1. Give me the accessible area of residue 279, 1.4 Å probe, in Å² rounded to the nearest 10.
2. How much accessible area does residue 464 have with a 1.4 Å probe, in Å² rounded to the nearest 10?
3. Just to confirm a number: summing +1 for Lys and Arg and -1 for Asp and Glu over residues other than residue 283 whose beta-carbon lies under 12 angstrom from that of residue 283, what do you get?
4. For residue 388, what charge total do you get from the other residues with a beta carbon under 14 Å from its beta carbon, if Lys and Arg give +1 and Asp and Glu give -1?
5. Ordering 255, 457, 387 by accessible area with a probe of 1.4 Å, largest first, what comes out?
6. Would you please put 136-147, 151-162, 242-253 in order of how densely packed they are, using the mean number of other Cβ atoms within 10 angstrom per residue and starting with the highest?
7. Using 0.36 nm per residue, how much length does the chain from residue 381 to residue 337 gain when fully extended, once their Cα-Cα distance is taken away?
8. With the dipole of the stretch 95-468 worked out from charges on the C-beta (+1 for Lys and Arg, -1 for Asp and Glu) around the Cα centre, which of 432, 129, 249 lies farthest toward the positive end?
Amino acid sequence: MRTREKRSVLRDRRQPEEEEDEVEMATAEEEEEVAVEDVPEEEETEGGDETEAGAPRRPRVRQEFDGNNACRRVSPGVQPLAVKGKGRRRSRVTWDLCWVWYQALPEAQQAQIARMGFGHLLSVRPFHLDVPYLEALRERWEEDCKAFIMPWGHMIPTLEDVAYLTGLPVQGEPVVGLERRDYHDDIAELLGPEFVAGRRRPIRSILLGSLSEAVGLRGRRRGPLETLDEFYAGVRGALDQGDRSEERSVRIFVSYLFGRLLFATQSSQMNCKFVLLLRDLAQAGRYAWGAAMLGHLFSLLPSSSQRSQSTGGFTPFLQIWGYTRFPMGRGTLVEGRQTMVPLMTRWEVAPDPRVTDRRAGDMRVALDHYPHEQVVWTPYRGEADTSHPGVAAGRPLFDRHLLLLCLGTCEVLYLELVVQTLGWHQPAIEVPSLGREGHSCRRFFAEDRDWGADHGSTVAFWREGGEQVIQQRDLQDISAYMEDYQARYAGRLRLDRRVMPESQGIRLLEGRLAEQEVELTRLRAEVRTLKEELARVRASRDLGVSSSVRPARGDLADRL
């Protein structure tokens, strides 16, 4: 009872612009048992890249972020000026530094990290985060069915999306293991004694800035006018791993990757539970990291969409997933990258001057009025599994009911709500009848926990491959589903707001026109490339090249 009273007082005193730490995300009513809170030893830093000791105190400011690095500081009590195209949410993802840090590592360490399953993801060059798009998308998250409530039906990122877009392994051992009340000895052993020096016990989290400082990258941030190559050159010159062993250097980098990209939260600190997964680096290569990432993202979407000023989870994946399904953002498929894997590598997202003048409100309206017939339910047709190692290994799970495990988090993937992604007609399904419940425990506990032992049946369900989704072959269309869907979510779908003000309608149409111009430019470039390739194949045939190239010509002709 005293713990609940204390939390109530803290919530009342918290300023609106303060970020919620990972340990504060779940309310007391959602917890399965009483947890012991871990009070940060120092005030959380805005950038999250300063160490716990020696970090200068700075006056609290409110920031407006758009993407990875462009920000503007506003003093307390001052009303910020309107900034066109800027979202009010901030992103905790520090993708630029993760990418250049990995590129600057020795080849042996890069190979070790690739064997752990992160090589494909780290081949994706960082791109601009479309904050208004993400904000409008997150507001449509519905917790009871773990899905986005769109005007055209439920939509859920699936393991197929994870495998194609990120290249992360989605099949393998579930990400479960120990969660301790004190990680002091583990951190000293796995990362180094310098990370626990001077800190009082118990130690349950570490500042992410202490990881980058340990290799000489304290405070490294890509400047607004700095190219990624220039940023890489600076990081490579500053990277100093000292006399650490290769394994310890890999653990420090992957821990930062977890806290700032793959399992990013709304905090500058990382729960030390993730470090224990790196004790055996060979074992780390057998985990289903993609499934854990998706479950972690699901667990953070409710708090991110309702209360917080910042975003948690692997937001770049969510952004490109939206672009592939309802392409209304800033992303474009880059010419010459049609065969690159994973698919996120093929996208380029930059603030285009024709489509940057928009806010989250404009994106909400655009989603409300997006043409249903233009939604792409099966965006990966034509992709060969042999080109995507993660897809080939994970395909047996793409039509299965699953529980996504990430230590104390167990989230449900209600695939039966989006069987249109499998190319089937969607039957009408009542969400309460689905009958599976997950759980999410993200607080620190008074005793050590072994999630694999505590939830043995859930782990067994994963290892058995979940449960097969059954196709209803007698359906002719999805009319019954849409009728039930619109009746259930009439308020969320804004069905009574189809008539918009003239000024808003004009702005929406201008935005669509600009996006179509960007897409038209991309398509013209692709047609030009295909014509040149087709001409080259014809010329080779005329010169007497063997008939083995003729199938390629036919494929090019079809694509053209």
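The values are calculated or read from the model by the stated rules, or taken from the named source; none is laboratory data. Nothing here was measured: the structure is a model prediction, and the numbers come from that model. Every residue, glycine among them, receives a Cβ derived from its backbone with ideal geometry; neighbour counts consider all protein chains shown. All accessible areas refer to the heavy atoms of the entire protein, side chains included, with ligands and DNA or RNA removed. Shrake-Rupley method; radii C 1.70, N 1.55, O 1.52, S 1.80 Å.
1. Accessible area of residue 279: about 90 Å².
2. 130 Å²
3. +1
4. Surrounding charge for residue 388 is -1.
5. Ranked list, largest accessible area first: 457, 387, 255.
6. Going by the mean number of other Cβ atoms within 10 Å, highest first, we get 151-162, 136-147, 242-253.
7. 14.2 nm
8. 249
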